[in-house]
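A quick write-up on the structure given underneath.
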Amino acid sequence: MDDDNELDPLARLRAADPAAGVEPRAGFAETVVARATEPQAAGATEAPLADLATARARRGRIWRPLVAVAATVAIFGGAGIAIGQHSGGSIVAAAPPISLHGGTSSGGAETAPRIGAQGGKAVAGSSAADRAFGYGFGRNSFTASGLSTSTGTAAAYAFDPRSASDARTVGVLATALGLRQTPAQKDGSWTVGPQDGTAPSLTVGLDGTLSFSYYDPSFMASCSKTDDGVTPEPCTPSRPLPSTDAATAALRALIANAGRDADTFQYEANAQEGALTQQAQAWPVVDGQRVDQPWSIELTADGIVSASGFLAPIVSVGDYPVVSAQQAFERLSDPRFGAQRSGMPIALRAQGAGSVAGSGAAFDTAPPSAAPPTEPPATPTAGTPLSWPVTRVHIVSARLGLASQWQPDGGVLIVPAYEFTDSDGGTWSVIAVADDKLDFSVK
């Protein structure tokens, strides 16, 4: 293998093929193509929940990314993304992610602002609603009863970025996104394509998850223009957006073509009225739990506008001792653990104050309408009690799951965490790992 074909998927596939030289039976190639492209039969069952150890072993084999990319080139003419209704197997039952850094109840980690209906302006994320409505910050008084006092151990995991930080892995992802340039490492990241906004480009950060970001600046070309060639505000797509099923299928194809096992992710797509793109997200599932580090794409009729996710594989780091639900509840009042409201109360969600994470819906952060004042407030008098509001929070249930936790050196663990639900339907999160495995020293 020489420098010219190092990133060529077909050449790499041939080099790795243990059956090189063996001729397939007549009609074999046609059968493979037909099975890969035919729609899923009506009534077909979803694939069972993937076993983590088996899935990790599959992901670690070199032939898997090679076959994924080569199949894409052979079947789809090098486009890299197959848009269609066939979604194959997927995980259909997984608990929502838990975030130790705010976020939301059922969507996961806070995501970058998506392109909204306001002519390309960013739409506010979930934390904006927390700030607007005063939840998740300030003073809280917690009560609960009937929580379990049983301690034990729980499995923990970590992202393994160094095993995937190489030109080949980045090149496979770039090819899946339709980029043909050679990856280069510069200024603390891997890059593919021009970084000046003139053409599609990919950036893979040298962080704890090998997070990546892809963007195609030409997406505005799909907007209808006025007679003088000016794109109006807000932009109106010239063609209808793909369906949510098409967005999910595109994300599945991207994950598979990037060399990952697409069946170990759980998918979600939500159509938003007036949006310029159709969005889909995929969360890795570990031990039946979504991990709060999703892959995401935004799609138009012309293809993928943007994509983000991570390239680092998830590996086991053994079991950790965990506190009981009752002990974790007591941590909600301990400033060392910084209780985080991770989901809006049901009442506010019903009023449209927010949305599940990843939906991209805007939050109304404006204060309630009121008549404009005609004079300033009265001067406080001597002895006036100081307003010091305390939110009363009654916890009604607890769930042990997993959440991402960043180390000082940038490494990322996926550790046991509790999610508590309060009587209003809001959720709160706190780490579940026992004190003797927590380093409280000041960094």
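The values are calculated or read from the model by the stated rules, or taken from the named source; none is laboratory data. The model shown is predicted, which means the values in this text are computed figures rather than measured ones. A quick note on method: Cβ atoms are made from the backbone with ideal geometry, for glycine too, and the neighbour counts reach across all protein chains shown. Only protein heavy atoms, including side chains, enter the accessible area calculation; ligands, DNA and RNA are left aside. Shrake-Rupley method; radii C 1.70, N 1.55, O 1.52, S 1.80 Å.
General remarks:
- Single match in Ser404, Ser429, Ser423 (criterion: without any contact (Cβ under 8 Å) to a residue 60 or more places away in the chain, open to solvent by less than 90 Å² (accessible area, probe 1.4 Å) and of a type outside the set (Asp, Glu)): Ser423
- Residues being among the charged types (D, E, K, R) and open to solvent by 10 Å² or more (accessible area, probe 1.4 Å) - total across the range 282-292: 2
- Flag if Pro232 is open to solvent by less than 30 Å² (accessible area, probe 1.4 Å) and at pLDDT below 95: no
- Residue tally, condition more than 14 Å from the chain's Cα centre (by Cα) and open to solvent by less than 30 Å² (accessible area, probe 1.4 Å), over the range 304-317: 3
- Listed by first and then second residue, the pairs linking a residue in the range 369-396 that is surrounded by 10 or more Cβ atoms within 10 Å (Cβ to Cβ) to a residue that is of a type in the set (Asp, Glu), with Cβ atoms under 7 Å apart and 6 or more places separating them unless they lie on different chains, are Val393/Asp422; His394/Asp422; Ile395/Asp422; Val396/Asp422.
- Scanning the range 293-303 for residues that are over 13 Å from the mean Cα position of the chain (by Cα) and either open to solvent by 20 Å² or more (accessible area, probe 1.4 Å) or of a type in the set (Gly, Ala, Ser) (or both) returns Ala301, Asp302, Gly303.
- In the range 186-217, the residues that are in a strand (DSSP E or B) and out of contact with any helix residue (DSSP H, G or I) (no Cβ under 8 Å at 6 or more places or on another chain): Lys186, Ser189, Thr191, Ser201, Thr203, Gly205, Ser211, Ser213, Tyr214, Tyr215
- Of all the residues in the range 238-252, those that are over 11 Å from Ala282 (Cβ atoms) and open to solvent by less than 20 Å² (accessible area, probe 1.4 Å) number 2.
- Of the residues making up the range 193-206, none is modelled with pLDDT under 65 and surrounded by 15 or more Cβ atoms within 10 Å (Cβ to Cβ).
- Unmet criterion (only one of (1) touching a strand residue (DSSP E or B) at 6+ places or on another chain (Cβ under 7 Å); (2) modelled with pLDDT of 95 or more; (3) not in a loop (DSSP other than H, G, I, E, B)) for Arg341: (2)
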